[in-house]
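Each remark here refers to the structure printed beneath this line.
The values are calculated or read from the model by the stated rules, or taken from the named source; none is laboratory data. What you see is a predicted model, and the numbers here were worked out from it, not measured in a lab. Glycine also receives a Cβ, built like all others from the backbone with ideal geometry; neighbour counts cover every protein chain displayed.
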Amino acid sequence: MQIFSPHTSHARGMAIFISTMLLLSNLLSTAIAGSIELPSFGDPSGRVMTPTQERRLGQAFMRNVRKSLKVVSDPLLNSYIESLGMRLVSNSSDANQPFSFFLVDNKEVNAFAGPAGNIAVFTGLILTTESESELASVVAHEIAHITQKHLARTFDSAERMGIPTAAIMLAAVILGAASNNSDVGAAAAAGIQAGLIQQQINFTRENEKEADRVGINILADSKFDPRAMPTFFTRLGKVNMVYDGHKLPEFLQTHPISKNRMADTLGRAATYPYRQYQDSKEYHLTRAILREQQFNDPNQAVKFYSKTLAEGRYRNAQAQRYGLVRALIRTHKYQEAMKHINLLLNKDRSSVHYLTTKAEIYSQTSRPKQAIKILQKGLKLNPDNYPLTTYYANALLHNGQAAKAERILEQLIKRHPQDTTLNKMAAMAAGKAGHIAQGHYFMAEHYYLSGDLESAQRQLEISLNNSRNDFYISAKMAARLKDIKQEISDLKQRKH
């Protein structure tokens, strides 16, 4: 199922962390107001964005992130990070807003948070962690930055500048940060002196201390090891001894690690009783997927996994075998891959990873009916599961059942409206089913979510020309087209 494969090549340099978002907002407010005035945190006179304004800013933020960075589309990977994130959010007493978690395909050790509770985790971060609690500690830290209102200035500035401008300028800053050259972002953002502003808006020590404290509480309440935070941050801090200051991972640049900070987090973590914490199987399987993708030559991956399995050199036997299966599929050794996936299914017949992978082998070997059958079995064991349903719809689509696939995808999109891949799949299904207008509508949403507003407009115009006999569909598309045209117009006006 190649449509789900995330990008395997990595962009040079770092991408943004939370300070970039803060930098953006102040660049924008400066460009509009003509001076640098930073409101203090918690200022009662400061304006507060309404939930609708924050949601719109969050959507604009995500469109530009998708346009500028390699956002992972694999439903197995996305399902894991979303599940991990929501587990932490559910145990945060201050989490009174929606949250969304996504992965960025980049080898750097990084994460960032944006408006409307959008939190990104870089794939490199997952591979660097040595336990699920370490990964959870970074996510919990980011959740704390949001729940403790450390993004308040961003929202205030965005309200004054207008949502469309925020989206455009965000893209400029992302490109500057991703190129490892802050001057690029500064130049793109109307020539503002980014370095000067950055000094004023980086998280304060108090912000970091508070995020650590709240994050550790979230970890403990979520049944993760609270000691994982100081352990992981201390290990990252050792990077200082091998990197010069200009090449530190972005996480360390935006979250400087001091001895006092580590002592404080260690002290807080020590207040919780010590016990053993077990990583979930999904954590190990997620790492197996990402690690296998790092091999440019899949044959080398097969050799690596075969050798380490034979020698017993692994942290989790099932995950190591699963990595071998993924490598065998890439080398088209389907018979051997099927043998190993069956061994895994004998240990866990309800595993979503194993079931979808077996279905993938059937699909790759031109046995779509068997793929559909195994996915149906999986859905009986895991009703409404996001990855299974996505794979099931894709199997139907490629087995001449486009109309059924379209219906399933339409319902799935209601639960995952920001999923660009689902909208693209739905467009394909609708087109094959002969629902031309609906197909163009789904494609318009795919383009819109990807940040290509002009293409979205064109798709909606085509859709309207094919939906004149359906008043409801025509009205819906006309309203959507009007909104997108207005957004494009606002962006053009603000550029001038």
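What number of residues within the stretch 378-406 satisfy the criterion of being surrounded by 17 or more Cβ atoms within 10 Å (Cβ to Cβ) and either modelled with pLDDT under 95 or not aliphatic (A, V, I, L, M) (or both)?
Within the stretch 378-406, residues that are surrounded by 17 or more Cβ atoms within 10 Å (Cβ to Cβ) and either modelled with pLDDT under 95 or not aliphatic (A, V, I, L, M) (or both) number 12.
Go over the candidates ILE216, ILE119 one by one and state the one that is over 22 Å from the mean Cα position of the chain (by Cα), modelled with pLDDT of 55 or more, closer than 21 Å to ASP279 by Cβ and surrounded by 23 or more Cβ atoms within 10 Å (Cβ to Cβ). Step through it out loud before you land on a result.
Details: ILE119 fails: over 22 Å from the mean Cα position of the chain (by Cα).
One residue alone meets the criteria, ILE216.
Run LYS373 past the list (1) more than 23 Å from LYS303 (Cβ to Cβ); (2) buried (at least 20 other Cβ atoms within 10 Å of the Cβ); (3) among the charged types (D, E, K, R) and report the number of the one that doesn't hold.
If we test LYS373 against (1) more than 23 Å from LYS303 (Cβ to Cβ); (2) buried (at least 20 other Cβ atoms within 10 Å of the Cβ); (3) among the charged types (D, E, K, R), just (2) comes out false.
Report yes if some residue within the stretch 126-137 is in the same structural domain as ARG227 (by TED's automatic domain parsing), over 20 Å from ILE216 (Cα atoms) and buried (at least 23 other Cβ atoms within 10 Å of the Cβ); otherwise report no. Give the derivation first.
Restricting attention to the stretch 126-137, the residues satisfying the condition of being in the same structural domain as ARG227 (by TED's automatic domain parsing) are 126-137.
This time we only want the ones that are over 20 Å from ILE216 (Cα atoms), so: 127.
Those still in the list that are buried (at least 23 other Cβ atoms within 10 Å of the Cβ) too: none.
No, the stretch 126-137 has no match at all.
Are any residues in the stretch 75-116 under 15 Å from SER222 (Cα atoms), polar (S, T, N, Q) and either surrounded by 20 or more Cβ atoms within 10 Å (Cβ to Cβ) or modelled with pLDDT of 95 or more (or both), and if so, which ones?
SER83, SER90, ASN91, SER92 - these are the residues of the stretch 75-116 that are under 15 Å from SER222 (Cα atoms), polar (S, T, N, Q) and either surrounded by 20 or more Cβ atoms within 10 Å (Cβ to Cβ) or modelled with pLDDT of 95 or more (or both).
Determine, yes or no, whether LEU460 is assigned to a helix (DSSP H, G or I), in contact (Cβ under 8 Å) with a residue 24 or more places away in the chain and surrounded by fewer than 24 Cβ atoms within 10 Å (Cβ to Cβ). Spell out the reasoning first.
Working: assigned to a helix (DSSP H, G or I): yes; in contact (Cβ under 8 Å) with a residue 24 or more places away in the chain: yes; surrounded by fewer than 24 Cβ atoms within 10 Å (Cβ to Cβ): no.
Criteria not met by LEU460.
Surrounded by fewer than 22 Cβ atoms within 10 Å (Cβ to Cβ), under 28 Å from the mean Cα position of the chain (by Cα) and among the hydrophobic types (A, V, I, L, M, F, W, C): which single residue out of ALA288, ALA317, ALA310 fits that description?
Numbers: ALA288 fails: surrounded by fewer than 22 Cβ atoms within 10 Å (Cβ to Cβ); ALA310 fails: under 28 Å from the mean Cα position of the chain (by Cα).
Of the residues listed, the single one that is surrounded by fewer than 22 Cβ atoms within 10 Å (Cβ to Cβ), under 28 Å from the mean Cα position of the chain (by Cα) and among the hydrophobic types (A, V, I, L, M, F, W, C) is ALA317.
Of the residues that make up the stretch 417-427, is at least one out of contact with any Ser or Thr (no Cβ under 8 Å at 6 or more places or on another chain), within 22 Å of ARG55 (Cα to Cα) and surrounded by fewer than 16 Cβ atoms within 10 Å (Cβ to Cβ)?
Within the stretch 417-427, one or more residues are out of contact with any Ser or Thr (no Cβ under 8 Å at 6 or more places or on another chain), within 22 Å of ARG55 (Cα to Cα) and surrounded by fewer than 16 Cβ atoms within 10 Å (Cβ to Cβ).
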